[in-house]
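*Asks:* Below is the structure I would like to discuss, written out as structure tokens.
Every number here is computed from the coordinates shown, using simple stated rules; none is lab data. Everything numeric in this text was worked out from a predicted model, so none of it was measured. FYI the Cβ positions are ideal-geometry reconstructions off the backbone, even for glycines, and counts take in every protein chain you see.
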Amino acid sequence: MSASNESTTGTATAETTKEVDALRKVARELLESGAVKMVIGYGEGYTQGKVMPIFLTDPEEVNRLIFDKRCVNNLATYLKKPEIRAMGKVAIVVKGCDARAINVLLLENQARRENLVILGMVCEGVGDPAEEKCLSCLVNTPPVYDHLFGEKIPARGWNEETFAKVEELDAMSPEERWEFWRRHFDRCIKCYACRQVCPICTCTRCITDKNQPQWVPTSPHPMGNYHWNLTRAFHLAGRCVSCNECERACPVDIPLSIINLALVKAVHDQYGFIAGMNSEDSPPLATYKEGEEQEFIK
Amino acid sequence: MEDTNLQSTTAVLDNIYRPSLMKLDRVTWETPDTTTFRFLFMDDSERRQFFSQYKVGQFGEYSTFGHGESPFCVASPPTRQEYIECTFRAVGRNTKAMQGLNEGDTVGFRGPYGNWFPIEDWKGKNILFIAGGIALPPLRAVIWNVLDRRSEFADVKIIYGARTVSDLVYKNELYEWEKRNDVDLVQTVDPGGETPDWKGRIGFVPTVLDQAAPSHENTIALVCGPPIMIKFTFPVLDKLGFSRQQVYTTLENRMKCGLGKCGRCNVGGTYVCKDGPVFRWDTLAQLPPEY
Amino acid sequence: MAISIHANNFQTLFDSARDAGYRVIAPVRDHTVTLFKPVEKADQIVLDEILPTKSPKEYFLAEHEPILTYCRDKSGKVSIADPSLEEVMQPTLIFGVRPCDAAGPEIIRKVMTWDCDDQFFLRRREASVVVAIACVEADDACFCTSVGQAPDGTEGADILLVPSSDETGAVQEYLVQPVTDKGSEFIKATKGWKEGNPSRAAACDEVKEKLQKRFDPDRVREWLDAGFDDPYWNTATLSCIGCGTCTYLCPTCHCFDIVDEGDLTCGSRVKNWDSCQMCQFTLHASGHNPRATQNERFRQRIMHKFKYYPQLFGVVLCTGCGRCQRSCPVDLALAKLVERIYQLACEPVGT
């Protein structure tokens with residue numbers, strides 16, 4: 001029996017694209033040669049019609065790898081897992097947004113470049129209908145990769161609609177805005193799916209798990225919910241790549257992508273910075289430069 | 001006795017999570033980070049209720065209001081019914097808050113929970129206590145229980161060690177036990193932990209146990225210590241001829257409700273708060289390594 | 001004497017329930033999810049989905065339950081009080097509950113009454129009338145029949161409504177089956193019910209056909225008895241990200257945390273939902289964690305549900321609702337894992 005998570009109903013798509021064929025070939029070579037211990041990619045899910053993350057260690061299983069519009073997951077989150085880190089060198093299938101997350105991990109020393117073989121997939125967008133984030137994609141061609149599958153294409157880029165929801169909220173009165181978020185945060189059950197699925201939430205001990213003092217209440221009451229969601233948002237400012245996995249993972253559909261966008265816009269407008277486009281540029285909220293503007297310190 | 005408990009004005013809730021209010025009567029600093037607290041029940045009927053059930057080895061949930069609850073064993077025996085004691089090191093929020101309290105302050109206490117050492121089955125037997133460091137408190141309740149009923153038991157031997165002299169807890173009581181001629185006390189510190197005037201042994205507890213070589217005949221052994229000490233002590237007991245039915249230990253695990261409901265403390269299918277914390281070695285050996 | 005109710009009379013039922021002092025809880029849309037919430041108008045309720053996103057568990061085992069309040073005056077004197085019973089004992093009609101969700105509290109009751117009673121849970125259950133509605137459809141995630149439940153099961157329900165569909169397939173009328181005395185009393189005390197059978201037969205047969213048993217929990221338990229160290233656990237759940245979604249949405253998961261909130265002068269001690277999937281669930285103050293990896297934590301979930309709980313209480317800690325699969329962000333289906341274990345259990349020894 002292979003040491004990967006179990007194969008499902010075996011309804012592999014009869015046709016594959018040439019990109020997927022190429023991906024499978026490279027994955028096989030990497031595993032056979034021992035260059036990597038594991039390939040993290042997408043496979044058919046347990047639920048008919050869905051995909052799920054798969055972890056291959058046996059070259060004979062590479063035909064389980066797929067890539068299509070259903071592949072919404074950001075697999076970079078698995079680079080946080082101690083069991084995966086302990087494997088040493090792994091290969092990982094990424095879209096552009098996922099690769100941006102890897103750039104942030106590399107920048108923050110949460111992953112080592114030499115331990116990764118990045119299998120970049122050119123992506124025109126996932127979801128059917130297309131995910132909203134894909135309509136404003138900055139990285140249809142992944143910004144970092146070791147192997148690229150698909151012909152490079154230019155990025156769609158931001159447009160007038162990209163920050164429409166943020167602008168809508170900005171136009172509201174504070175009371176209206178408060179009410180908007182109150183309605184949504186009321187549903188929060190503190191499951192922390194948002195945190196767990198996020199590749200950038202890497203703290204080994206999250207602030208809400210600390211109790212001396214209890215900075216963020218663990219209770220799912222209004223104070224606890226606001227406090228949690230807003231604290232997480234602040235901790236992601238300048239680091240979030242708006243892959244929007246948090247919104248997808250949320251079981252009660254809190255529109256976290258709007259917060260992500262608001263922060264992206266603020267950081268871009270104030271500092272001209274966009275997270276994850278490379279792994280060299282320092283994030284403005286985590287970097288000190290001499291001679292920086294200090295007008296706000298009174 | 002002042003009634004400090006407010007009752008709800010409508011129906012009374014039979015609230016299993018409600019603690020008794022306890023007055024902190026005495027604080028003893030055992031080591032720079034370990035204290036022994038003596039508590040008095042503020043409500044005497046609650047005190048009587050507690051002692052009608054309490055058997056040695058059981059634990060309770062101790063809380064400071066505002067910081068939360070922590071489970072500790074009751075470190076005093078059922079033979080002393082005016083007070084209860086616990087000994088703990090400050091490692092978390094509640095324990096640090098507790099060490100900030102003064103005599104006269106109020107804490108909460110829920111208990112007794114869990115199972116107990118079957119001391120009634122040990123009458124006439126030799127009792128061997130083996131403990132390390134901060135793990136003496138759970139056994140200290142049994143030691144006092146046995147010593148308070150001394151004539152019912154045969155030989156009593158205590159082997160107790162810590163990393164250094166200053167890490168030894170219950171220093172006053174060790175002194176008392178040393179003086180008694182009906183208790184054989186062997187104290188030890190780890191090599192390098194001795195002070196110039198240290199008169200006890202030097203060596204790890206399992207080594208000292210091996211050297212002391214107590215007989216297993218008609219003897220019950222109680223072992224409590226950090227995992228590493230247990231790991232090396234059990235083989236020595238085995239070598240000395242102890243069967244697994246003759247050896248008892250007490251486990252600690254993260255516990256919250258203490259009542260088997262919150263789902264947190266199970267080791268395999270065994271809830272430490274219900275089927276423990278006292279375990280006989282043969283039962284412990286059946287449990288999966290999840291503690 | 002047969003009783004039935006037409007969907008057009010749900011409003012009458014709700015209004016009469018409110019007149020009789022009940023608050024009415026039913027599945028309603030909230031943004032893009034369906035939740036059990038207080039409802040005024042019967043036309044707001046959503047009954048045409050497989051299941052609401054959350055189970056009604058929160059009305060029995062509160063997400064956030066204050067269990068006592070404390071006060072410390074200037075002299076340092078502390079007083080404590082039980083919380084007010086008003087909310088815990090509030091008469092509540094919980095309407096539109098699927099049989100898998102209705103069975104949940106009855107299964108949880110066993111641990112809540114183990115040696116001592118959690119009054120918060122019991123009184124909430126006592127104060128509730130559960131009106132269940134049998135299922136006419138199921139999806140691939142449903143597996144109630146594998147764990148001893150049924151799409152028209154009555155466990156945990158005070159009243160069961162069995163749907164009958166009209167010629168368009170829409171369900172309008174229900175045969176009313178009082179299950180408990182409380183249910184019968186409730187029918188007497190409220191309106192909207194009518195004598196006689198619904199004009200059409202019940203529509204549950206098709207769904208029962210569809211819900212074949214996928215595994216035998218007894219065989220699964222046999223494997224689990226010996227399988228604690230099986231290498232299966234090392235790889236089967238690598239995709240689990242350790243959120244609490246499955247445990248929080250599950251009708252039978254009941255693990256909780258107890259924390260104090262407030263400051264030194266006043267506050268409360270509360271019981272909050274907690275999850276064995278969270279990394280610090282079993283973390284000791286010393287820093288030692290008996291379940292330090294996600295694989296071990298996931299194993300605990302399956303063991304607890306399919307071995308430990310049945311060992312203690314004779315019943316599987318699962319009603320087959322399938323939420324753990326539908327809502328899992330990484331499509332890790334507990335039922336599929338248990339099916340795989342069942343396959344392993346059935347394999348002849350030596351393969």
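*Asks:* Look through the range C:79-91, keep the residues that are farther than 22 Å from B:TYR113 by Cβ and either among the charged types (D, E, K, R) or buried (at least 23 other Cβ atoms within 10 Å of the Cβ) (or both), and return whichever of them is farthest from the other protein chains (Cβ to nearest Cβ).
*Replies:* It comes out as C:GLU87.
*Asks:* Within the set of pairs 6+ apart or on separate chains, which have a first residue in the range A:173-201 that is more than 11 Å from chain C (Cβ to nearest Cβ) and under 20 Å from A:SER242 (Cβ atoms), a second that is buried (at least 19 other Cβ atoms within 10 Å of the Cβ) and of a type in the set (Lys, Arg), and C-beta atoms under 7 Å apart?
*Replies:* Final answer for the pair search is A:ILE200/A:ARG239.
*Asks:* Of the residues A:LEU106, A:LEU65, A:LEU56, which single one is in contact with a Ser or Thr (Cβ under 7 Å, 6 or more places away or on another chain) and over 22 Å from A:ILE274 (Cα atoms)?
*Replies:* Within the list A:LEU106, A:LEU65, A:LEU56, the selection yields A:LEU56.
*Asks:* Could you tell me whether A:ILE40 is within 16 Å of A:HIS147 (Cβ to Cβ) and within 12 Å of another protein chain (Cβ to nearest Cβ)?
*Replies:* The answer is yes for A:ILE40.
*Asks:* To continue, here is another question. Output the number of the condition that C:LYS188 fails; it satisfies all remaining conditions of (1) free of Cβ contacts under 8 Å to residues at least 12 places away in the same chain; (2) part of a strand (DSSP E or B); (3) among the basic types (Lys, Arg).
*Replies:* Of everything listed in (1) free of Cβ contacts under 8 Å to residues at least 12 places away in the same chain; (2) part of a strand (DSSP E or B); (3) among the basic types (Lys, Arg), C:LYS188 misses just condition (2).
*Asks:* Collect the residues in the range C:325-349 that are surrounded by 23 or more Cβ atoms within 10 Å (Cβ to Cβ) and under 17 Å from the mean Cα position of the chain (by Cα), keeping them in residue-number order.
*Replies:* Those that are surrounded by 23 or more Cβ atoms within 10 Å (Cβ to Cβ) and under 17 Å from the mean Cα position of the chain (by Cα): C:GLN325, C:SER327, C:CYS328, C:LEU334.
*Asks:* Any idea how many residues of the range C:285-308 are touching a Gly at 6+ places or on another chain (Cβ under 8 Å), among the hydroxyl-bearing types (Ser, Thr, Tyr) and either surrounded by fewer than 20 Cβ atoms within 10 Å (Cβ to Cβ) or at positive phi (or both)?
*Replies:* 0
*Asks:* To continue, here is another question. Would you check which residues across the range B:262-279 are part of a strand (DSSP E or B), facing chain C (nearest Cβ under 8 Å) and more than 20 Å from C:PHE228 (Cα to Cα) and list them?
*Replies:* Hits for the range B:262-279: nothing passes.
*Asks:* In the range C:204-241, what count of residues is obtained for those that are within 24 Å of the chain's Cα centre (by Cα) and part of a loop (DSSP other than H, G, I, E, B)?
*Replies:* Total meeting the criteria: 10.
*Asks:* Taking the range A:202-224 as the search range and keeping residues that are more than 17 Å from C:ASP260 (Cα to Cα) and within 12 Å of another protein chain (Cβ to nearest Cβ), which one is surrounded by the fewest Cβ atoms within 10 Å (Cβ to Cβ)?
*Replies:* Across the range A:202-224, the extreme among qualifying residues is A:THR204.
*Asks:* May I pose another question? Restricting to the range A:134-161, name every residue that is touching a helix residue (DSSP H, G or I) at 6+ places or on another chain (Cβ under 6 Å) and among the aromatic types (Phe, Trp, Tyr).
*Replies:* Hits for the range A:134-161 are A:PHE149, A:TRP158.
*Asks:* Could you list, in sequence order, the residues of the range A:271-298 that are outside any loop (DSSP other than H, G, I, E, B) and surrounded by fewer than 12 Cβ atoms within 10 Å (Cβ to Cβ)?
*Replies:* Restricting attention to the range A:271-298, the residues satisfying the condition of being outside any loop (DSSP other than H, G, I, E, B) are A:271, A:284-286.
Matches in the range A:271-298: A:ALA286 only.
Per-residue answers, yes or no, for (1) in a loop (DSSP other than H, G, I, E, B); (2) in contact (Cβ under 8 Å) with a residue 60 or more places away in the chain; (3) closer than 22 Å to A:CYS201 by Cα; (4) touching a Gly at 6+ places or on another chain (Cβ under 7 Å):
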{"site": "A:LEU23", "(1), (2), (3), (4)": "no, yes, no, no"}
{"site": "A:ARG28", "(1), (2), (3), (4)": "no, no, no, no"}
{"site": "A:ILE40", "(1), (2), (3), (4)": "no, no, yes, no"}
{"site": "A:PRO53", "(1), (2), (3), (4)": "no, no, yes, no"}
{"site": "A:ASN63", "(1), (2), (3), (4)": "no, no, no, no"}
{"site": "A:ASP68", "(1), (2), (3), (4)": "yes, no, no, no"}
{"site": "A:LEU79", "(1), (2), (3), (4)": "no, yes, yes, no"}
{"site": "A:GLU83", "(1), (2), (3), (4)": "no, no, yes, no"}
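*Asks:* Cβ-Cβ distance below 7 Å, separation of 6 or more or different chains: which pairs start in the range C:326-349 with a residue that is more than 11 Å from chain A (Cβ to nearest Cβ) and end on one that is of a type outside the set (D, E, K, R)?
*Replies:* C:VAL338/C:PHE215; C:VAL338/C:VAL220; C:VAL338/C:ILE302; C:VAL338/C:PHE306; C:TYR342/C:PHE215; C:TYR342/C:VAL220; C:ALA345/C:VAL220; C:ALA345/C:TRP223
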